[in-house]
Each structure stands twice: as structure tokens, then as C-alpha cells.
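What follows is calculated from the coordinates using simple rules that are stated; it is not laboratory data. Remember, predicted model here, so these are calculated numbers, not experimental data.
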Amino acid sequence: MKRIAALLLAFGLLGAPAALAQGWMNQFSPGQARESVQEGKTVPLSKIFESLKREYGGYQLGADLYRRDDGSAVYEIDWMTGDGRKAHFVVDANTGRILDRRGA
């Protein structure tokens, strides 16, 4: 049993550099995200959700706020469209403009 746990831990650690390379460590904490909105640095998610709902129908499945290496902030949003398709949006957190979308 201990060997299995050790192997799982080792495999988990092997994946850690990939996670760091993808910028996962740049995710805003809930407090940082709230503060950023309160200071006017980022658009509230509720406004972005309203815009997506008008354009695509449906509802939000998940959303996270990330800081990119260049200092800009983006929302990564998973969305279920009104016609039942899953979509993924990357939205400029400062302007609310969609930068990338997949699946919609």
C-alpha cells in the first residue's frame, strides 16, 4: 500500500513542472479577484456572464481569473450554450472583450 502511495506521489510531482509552465500558479485567489474588481482593475464576472448569455444563451459552468506573464489579466470561462454545446472563452479581464473561444 505504501509503495502505491509513493508511486502516485512521484507521478504527481512529475506533472508539477507542466502545471507551472501553463501558468496555473498565476491564478487569482477569491480575495485578489474581489479586490481587483473593487479597485476597477477588472470587469465583474456578472457583466461578462450577462454578455455571454445575450450572445450564446445558456449558463456558466466555471470561471477563473489568471494573471498572464505580461501582467494582463484574463478570465477563463467554461460555458454551456443555449443549444447544449460546451464552450471555453478567454476574456480580457480589463475590457470584457473575448480574446479566444472554442466550441461555440
| message | Taking amide H atoms as placed 1.01 Å from N in the peptide plane, list the residues 5 or more away in sequence, or in a different chain, whose amide H sits under 5 Å from that of Asn94. | response | Val43, Ala73
| query | Which ³J(HN,Hα) values, rounded to whole Hz and listed in residue order, are derived for the stretch 88-104 from phi using the Karplus coefficients 6.51, -1.76 and 1.60 in 6.51 cos²θ - 1.76 cosθ + 1.60 with θ = phi - 60°, glycine and proline given as x? | reply | 10, 10, 10, 10, 4, 6, 7, 10, x, 7, 6, 8, 7, 9, 10, x, 10
| note | Along the stretch 37-52, Karplus-curve 3J(HN,Hα) (6.51, -1.76, 1.60; θ = phi - 60°) to the nearest Hz, with x for Gly and Pro, reads 5, 4, 7, x, 7, 10, 6, x, 4, 4, 5, 5, 4, 4, 5, 5
| said: What whole-number volume per residue, in cubic angstrom, does the convex hull of the C-alpha atoms of the stretch 26-102 give? | reply: 81 Å³
| query | Length gain on complete extension for the stretch Gln38 to Asp69, per 0.36 nm per residue less the alpha carbon to alpha carbon distance? | reply | 8.9 nm
